[in-house]
1. How high is the FRET efficiency between ARG62 and ASN110 when r is their beta carbon distance and R₀ equals 35 Å, given to the nearest 0.05?
2. Run the quick spin-label model on SER43 and LYS168: label points 7 Å from Cα toward the beta carbon, then report their separation in nm to one decimal.
3. Once the cut-off is 23 Å, how many percent of the Cα-Cα pairs in segment 22-172 end up in the long-distance tail?
4. For a 26 Å ceiling on Cα separation, which of these pairs sit above it: LYS64/LYS90; LYS41/LYS72; LYS36/LYS90?
5. Can you give the FRET efficiency for LEU99 and ASP73, using 1/(1 + (r/R0)^6), R0 = 22 Å, r = Cβ-Cβ distance, to the nearest 0.05?
Amino acid sequence: MPSSYQAPSQKDKKQVSTHSQTPETNIKKEAATVRKVLDQKGSDVFALRPQNTLHEAVELLRDKRIGALIVKDAEGNLQGILSERDIVRKLADTPGQTLAQRVEDVMTVNVEVCAPDDPLISVLRRMTEGRFRHMPVVEDGSLAGMVTIGDVVNYRLTELEYEALQLKQLIVG
């Protein structure tokens, strides 16, 4: 026996065990909310005034590569939303005369809004049933951002990938 050998002692049997996962952490599920999407996406919202022309709106949509604009009054209050779909409908109704028209004559006035703490599943359901793709987020009477159906689907896909990874880790150990 080498001279450096020591027989096992009582404290050697106490091994510190660490667990990166427990059944609780793997099963625990927080409800996905609009706030979580905004935390990832940011709260930037592109807006214009009701008096702007559709030509100005179309340029902003093109330059920012987005599908809808918020319409605010001078005080910053939500007045409506102008989507690509609104513009296309007006183009069909008034060919050759559309771009000079004002945003307030084309925008959707009865805007569906959500709150940051609304569950994503309910927002997705409202968007699907209402057949619209953009929803302003309002918190304490102020505009806090906008979510799109793409944002919601992307968030959910990322969440599903994460859940699949957790399940694999749980199975493999």
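1. Numbers: r = 26 Å, r/R0 = 0.75.
The value I calculate is 0.85.
2. My value for the distance between the label points is 3.6 nm.
3. Working: 4972 of 11325 pairs.
In whole percent, the long-distance tail amounts to 44.
4. On the way: LYS64/LYS90 21 Å; LYS41/LYS72 21 Å; LYS36/LYS90 35 Å.
Among LYS64/LYS90; LYS41/LYS72; LYS36/LYS90, the Cα-Cα distance tops 26 Å for LYS36/LYS90.
5. On the way: r = 22 Å, r/R0 = 1.02.
That pair, LEU99 with ASP73, gives E of 0.45.
Each reported figure results from applying straightforward, stated rules to the coordinates on display, with no laboratory input. The shown structure was predicted, so the numbers you read here are calculated from the model rather than taken from an experiment. Cβ: placed from backbone, ideal geometry, glycine included. Neighbour counts: every protein chain shown.
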